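**Student:** After the structure tokens below, expect a handful of questions from me.
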Amino acid sequence: MTRAPARAWPLLAVLGAGLFLVAVDATVLHVALPDLVRHLRPSASEQVWIVAIYPLTAAPLLLPFGTLGDRYGRRRVLVAGYAVFGIASLGCAFAPGVPALLAARAVLGCGGAMIMPATMSLLRELFPEQRRRRTAIAVCSGIAGTGSVFGPALGAVLVETWGWRATFLVNPPVILAAIVLALRWLPRTPPARRRWDGVSALFAAGGVFGIAFGGVLPALAGCVLIGLFVRRQRRSDAPLLDLALFRRPGVPAAVGGVLLVMSTLVGLGLLFAQYLQLVLGLSPTAAAARLLLVLGASAAGSVVTPALLERFGNARVRTAGFAVTAVSLLAPALEAVGLLGFALAGLGFGMALALTSSTDTLLSATPAASAGGAAAVEKTGYELGAGFGTTLFGSLSAAVYAAHLSVPSGLPPAAHRLAAAGPAQAEVAAAGLPAPMAADLLTAARTACAAGLQVSAGVACGAFALATLATAFRRNRRREAGARP
């Protein structure tokens, strides 16, 4: 039986460090956003884009960079990604205004797109045995999931100590160490003999870009480019992505699972962070401590998932993860504040089950030589989910907030416009008002903010309930089909 090399587990720590930072930066601004708003004064739409532009820039580039690693060497692409990520982090930290911050966050997404598929495809290479690979995948999935949750906790400590800019200054030292260790320890992947299809890469990147950034015309153009990409892959002797991957059992459900989990984890994470601070009145550190319940439960889920996969298989574990998440979302959907801690823990555990089983399905469906493409598909779902979740739930909660905001009579128009942009801006607007009017405005903003979280959690709960039913029904149909003579 093939065994993992002796250095594979220390190498996992090196790979996990970079993956952790990529995941952290998707959510590190969730708790830091109120401080950023006070200093840079972005509009409501700019706030959403400051958070969302990072995953939405990464998503179109994952497949090109993932397959580029298969062709020219995964270590080379990984180290280049580390360098881009570190430099972009400095750009974010010293951005003088919103446009510069948006540009630096976009470059940060490019670095993340180089790091993520290379990291996951190296797991396929370092751990050829499925049992050990499942453990390694569980560790990295746990790192990715907990990193997304740990981002607000780290951001809270840094914001309270140094301000929002410090949330990006922790990256360069860790990245520098990761570069040194990667160059010293990671094996060189020999270049593949097959050519790398740059035209297909452009079609794929352009298609995902159009779909990710929304709008009717960009989405239609994106669908056309994806169609051209699929057509080219079917006719090519050396396709950039083997489309047979999507015909293998469980793969479409795995991609959908990653997309659903990450859209909820990242999108609702921002709303939970705002709710805990602006509605419940917790400090950034206290709010982050509550969110660590998700991290702890996700870590526990990552520990037990490999054994569950061995016992029950990927499909059943993924379905169980969907069900646990759906039940956990009932508490915020019903505004049961007393059960919020149990809900956060259930979210972390359920999502760990769903994410790890989905990743294992995708990486196990391809040979090691093509693992970069499969890893890119998984991470495209990851980043699209993070971006869609931020924009979808952010826009939904903003609409609900605006509809439920009942401002006190006599409020100055300028303060009204500022308060309508969001609960954090309402606090800024209240600072310059007489005490009774400020108290009424803050109460109205907190009520509207709570309504936004309640509606968004209800939508997510319904999505996971439907996913649970769909996967269970599909599994039953497959079992019945196998039982027929």
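The values are calculated or read from the model by the stated rules, or taken from the named source; none is laboratory data. Keep in mind that what you see is a predicted model, and the values were worked out from it rather than measured. Every residue, glycine as well, gets a Cβ built from its backbone with ideal geometry; the counts of neighbours run over all protein chains shown. Side chains are part of the model used for accessible areas, which takes the heavy atoms of the whole protein and leaves out ligands, DNA and RNA. Shrake-Rupley method; radii C 1.70, N 1.55, O 1.52, S 1.80 Å.
**Student:** Give me a count of the residues in region 234-290 that are over 21 Å from Ala156 (Cβ atoms), touching an Asp or Glu at 6+ places or on another chain (Cβ under 8 Å), open to solvent by 10 Å² or more (accessible area, probe 1.4 Å) and in a helix (DSSP H, G or I).
**Tutor:** Number of matching residues: 1.
One line per residue, one yes/no per condition, for (1) among the small types (Gly, Ala, Ser); (2) touching a residue at least 60 places away in the same chain (Cβ under 8 Å):
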{"position": "Ala315", "(1), (2)": "yes, yes"}
{"position": "Gly321", "(1), (2)": "yes, yes"}
{"position": "Ala326", "(1), (2)": "yes, yes"}
{"position": "Ala333", "(1), (2)": "yes, yes"}
{"position": "Gly338", "(1), (2)": "yes, no"}
{"position": "Gly346", "(1), (2)": "yes, no"}
{"position": "Ser358", "(1), (2)": "yes, yes"}
{"position": "Thr361", "(1), (2)": "no, yes"}
{"position": "Ala365", "(1), (2)": "yes, yes"}
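**Student:** Test Ala205 against the stated conditions and say whether it is assigned to a helix (DSSP H, G or I), modelled with pLDDT under 85 and farther than 22 Å from Leu396 by Cβ.
**Tutor:** Considered against the rule, which asks whether it is assigned to a helix (DSSP H, G or I), modelled with pLDDT under 85 and farther than 22 Å from Leu396 by Cβ, Ala205 comes out as no.
**Student:** Next question, about the same structure. Does region 57-77 include one or more residues that are touching a residue at least 12 places away in the same chain (Cβ under 8 Å) and closer than 27 Å to Arg38 by Cβ?
**Tutor:** yes
**Student:** Hey, any hits in region 74-90 for a residue that's over 20 Å from Met116 (Cβ atoms) and either more than 21 Å from the chain's Cα centre (by Cα) or surrounded by fewer than 24 Cβ atoms within 10 Å (Cβ to Cβ) (or both)?
**Tutor:** Within region 74-90, one or more residues are over 20 Å from Met116 (Cβ atoms) and either more than 21 Å from the chain's Cα centre (by Cα) or surrounded by fewer than 24 Cβ atoms within 10 Å (Cβ to Cβ) (or both).
**Student:** Within region 399-425, which residues are open to solvent by 50 Å² or more (accessible area, probe 1.4 Å) and small (Gly, Ala, Ser)?
**Tutor:** Of everything in region 399-425, those that are open to solvent by 50 Å² or more (accessible area, probe 1.4 Å) and small (Gly, Ala, Ser) turn out to be Ala399, Ala402, Ala403, Ser406, Ser409, Gly410, Ala414.
**Student:** Look at region 22-42 and say how many of its residues are open to solvent by 10 Å² or more (accessible area, probe 1.4 Å) and in a helix (DSSP H, G or I).
**Tutor:** Residues meeting the conditions: 5.
**Student:** Something else about it: Ala444 passes all but one of (1) small (Gly, Ala, Ser); (2) open to solvent by 30 Å² or more (accessible area, probe 1.4 Å); (3) modelled with pLDDT of 90 or more; which number fails?
**Tutor:** For Ala444, the exception is condition (2).
**Student:** Which residue, of Ser302, Ser370, Ser298, Ser328, is at pLDDT 85 or above and either in contact with a helix residue (DSSP H, G or I) (Cβ under 9 Å, 6 or more places away or on another chain) or open to solvent by less than 10 Å² (accessible area, probe 1.4 Å) (or both)?
**Tutor:** Ser328 is the lone residue from the list that is at pLDDT 85 or above and either in contact with a helix residue (DSSP H, G or I) (Cβ under 9 Å, 6 or more places away or on another chain) or open to solvent by less than 10 Å² (accessible area, probe 1.4 Å) (or both).
**Student:** Given the criteria surrounded by fewer than 24 Cβ atoms within 10 Å (Cβ to Cβ), closer than 22 Å to Phe209 by Cα, in contact (Cβ under 8 Å) with a residue 60 or more places away in the chain and of a type in the set (Gly, Ala, Ser), does Ser395 qualify?
**Tutor:** yes
**Student:** Hey, another quick one. Could you check region 433-453 and list, in sequence order, the residues that are touching a helix residue (DSSP H, G or I) at 6+ places or on another chain (Cβ under 7 Å) and either over 12 Å from Tyr401 (Cα atoms) or not charged (D, E, K, R) (or both)?
**Tutor:** Passing the criteria: Leu433, Ala438, Leu441, Leu442, Ala445, Thr447, Ala448, Cys449, Ala450, Ala451, Gly452, Leu453.
**Student:** Further, regarding this structure: Given (1) closer than 30 Å to Val37 by Cα; (2) at pLDDT 80 or above; (3) small (Gly, Ala, Ser), identify the lone condition not met by Ala136.
**Tutor:** (1)
**Student:** If you don't mind, another one. Among the residues of region 106-138, count how many are within 18 Å of Leu68 (Cβ to Cβ), under 21 Å from the mean Cα position of the chain (by Cα), surrounded by 21 or more Cβ atoms within 10 Å (Cβ to Cβ) and not β-branched (Val, Ile, Thr).
**Tutor:** The total comes to 12.
**Student:** Then there's this: Could you grab the pairs with beta carbons closer than 7 Å, sequence gap of 6+ or different chains, first residue in region 232-248 and touching a residue at least 12 places away in the same chain (Cβ under 8 Å), second one surrounded by 14 or more Cβ atoms within 10 Å (Cβ to Cβ) and of a type in the set (Phe, Trp, Tyr)?
**Tutor:** From residues that are touching a residue at least 12 places away in the same chain (Cβ under 8 Å), the pairs are Arg232/Phe203.
**Student:** Residue by residue through region 157-180, note down the ones that are among the β-branched types (Val, Ile, Thr) and assigned to a helix (DSSP H, G or I).
**Tutor:** Val157, Val159, Thr161, Thr167, Val174, Ile175, Ile179, Val180
**Student:** Here is a further query. Could you say whether any residue in region 345-360 is out of contact with any Ser or Thr (no Cβ under 9 Å at 6 or more places or on another chain) and open to solvent by less than 10 Å² (accessible area, probe 1.4 Å)? If you could, list the steps in order and put the result at the bottom.
**Tutor:** Kept after step one, since they are out of contact with any Ser or Thr (no Cβ under 9 Å at 6 or more places or on another chain), are these residues of region 345-360: none.
No, because not a single residue in region 345-360 is out of contact with any Ser or Thr (no Cβ under 9 Å at 6 or more places or on another chain) and open to solvent by less than 10 Å² (accessible area, probe 1.4 Å).
**Student:** Now for a separate question. What about Phe229, is it open to solvent by 50 Å² or more (accessible area, probe 1.4 Å), within 19 Å of Glu378 (Cβ to Cβ) and either in contact with a Leu (Cβ under 9 Å, 6 or more places away or on another chain) or not aliphatic (A, V, I, L, M) (or both)?
**Tutor:** Considered against the rule, which asks whether it is open to solvent by 50 Å² or more (accessible area, probe 1.4 Å), within 19 Å of Glu378 (Cβ to Cβ) and either in contact with a Leu (Cβ under 9 Å, 6 or more places away or on another chain) or not aliphatic (A, V, I, L, M) (or both), Phe229 comes out as no.
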